[in-house]
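Inspection log for the structure reproduced underneath, given as structure tokens.
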Amino acid sequence: MDPVGLHTEPAGDTHSNSFGTAGAHVIVIQPDPAFEELLRPCRAVLTEAQSLRLPEAGAIARRLQAEMDAPDTVSPLAIESACLELLVAAVRVVQGRRSADGGAPRWLSRVVEYMHARFLESPTLGEVSRVAGVHPAHLAREFRRAYKQSPASYVRRLRLEWAAERLERGHESVADVSVASGFADQSHFTRAFRRHAGVTPAVYRRDHAKARQSPHGAL
């Protein structure tokens, strides 16, 4: 499961993608060649085929989807801004990889892959450290240095991104989403979600339901 994946492919290349048996929701973004000069600093992303893990990609993709589902007069500006935000995040990840060759150890990529695959299964630091092949204390220190947060915070953010997607569908109760996303109880989930999204899960779902039902969206 990869709710926050960004895949880049050079323009003009022939390619095909497989997202597993569960399928995927895909938003395709194609930069305008007219902005070649503006996009020059982004060549590291736009000229190579690669897959990137961006925790912020899930939230940005949902904003794009909401704008496309319920467009209004400022939606083009909102969509362009979100696309540029996503591109900037991707460029910084790629630049960080290249400049940190002597810094971030290679096993960190295995750790992140494992977290994205198992974030709903409550992976322990011991389990993750065995994937990396390093001591748990060393893993925690290197992870925080590379990602500016603890492994637990990273996993919790993945869960909240996943929970937000479920809430947008509107078919499950907040309690059910809380349990499915691995939180001990609904109150803990609500507090964490409010810190993450700025509103409670119930308000978040209500606002997205209104956006889907409105023919014009809201300013």
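Tabulated data
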| quantity | calculated |
| --- | --- |
| Count - residues of the range 169-189 that are under 13 Å from Y204 (Cα atoms) and over 22 Å from the mean Cα position of the chain (by Cα) | 1 |
| All positions within the range 94-114 that are modelled with pLDDT of 75 or more and β-branched (V, I, T) | V111, V112 |
| Test for V179: is it out of contact with any Pro (no Cβ under 7 Å at 6 or more places or on another chain), surrounded by fewer than 17 Cβ atoms within 10 Å (Cβ to Cβ), at pLDDT 90 or above and assigned to a loop (DSSP other than H, G, I, E, B) | no |
| Pair list, Cβ < 9 Å and 6+ apart or interchain, from the range 173-202 residues that are touching a residue at least 24 places away in the same chain (Cβ under 8 Å) and of a type in the set (G, A, S) to residues that are open to solvent by less than 60 Å² (accessible area, probe 1.4 Å) and not in a helix (DSSP H, G or I) | A180/E172; A192/F183 |
| Residue check for V128: farther than 22 Å from V112 by Cβ and at pLDDT 90 or above | no |
| Looking only at the range 15-28, and only at residues there that are at pLDDT below 70 and on the phi < 0 side of the Ramachandran plot, the one that is least open to solvent (accessible area, probe 1.4 Å) | A24 |
| Test: residue in the range 130-150 that is part of a helix (DSSP H, G or I) and closer than 16 Å to A59 by Cβ | no |
| Residue that is farthest from V112 (Cα to Cα), among those in the range 34-54 that are outside any helix (DSSP H, G or I) and aliphatic (A, V, I, L, M) | L38 |
| Residue within the range 147-156 that is among the basic types (K, R) and in contact (Cβ under 8 Å) with a residue 24 or more places away in the chain present | yes |
| R156 being open to solvent by 40 Å² or more (accessible area, probe 1.4 Å) and within 15 Å of the chain's Cα centre (by Cα) | yes |
| Test: A164 is over 21 Å from the mean Cα position of the chain (by Cα), hydrophobic (A, V, I, L, M, F, W, C), assigned to a helix (DSSP H, G or I) and farther than 30 Å from R106 by Cα | no |
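Results for (1) closer than 26 Å to S181 by Cβ; (2) surrounded by 14 or more Cβ atoms within 10 Å (Cβ to Cβ); (3) modelled with pLDDT of 70 or more; (4) β-branched (V, I, T), shown as yes or no for each residue.
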| residue | (1), (2), (3), (4) |
| --- | --- |
| G5 | yes, yes, no, no |
| D13 | no, no, no, no |
| Q30 | no, no, yes, no |
| P41 | no, no, yes, no |
| L46 | no, yes, yes, no |
| A66 | yes, yes, yes, no |
| C83 | no, yes, yes, no |
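The values are calculated or read from the model by the stated rules, or taken from the named source; none is laboratory data. All of these numbers come straight from a predicted model, not from anything done at the bench. In this analysis, Cβ positions are derived from the backbone assuming ideal geometry, glycine residues included, and neighbour counts consider all displayed protein chains. Areas reflect the complete protein model, heavy atoms only, side chains present, ligands, DNA and RNA absent. Shrake-Rupley method; radii C 1.70, N 1.55, O 1.52, S 1.80 Å.
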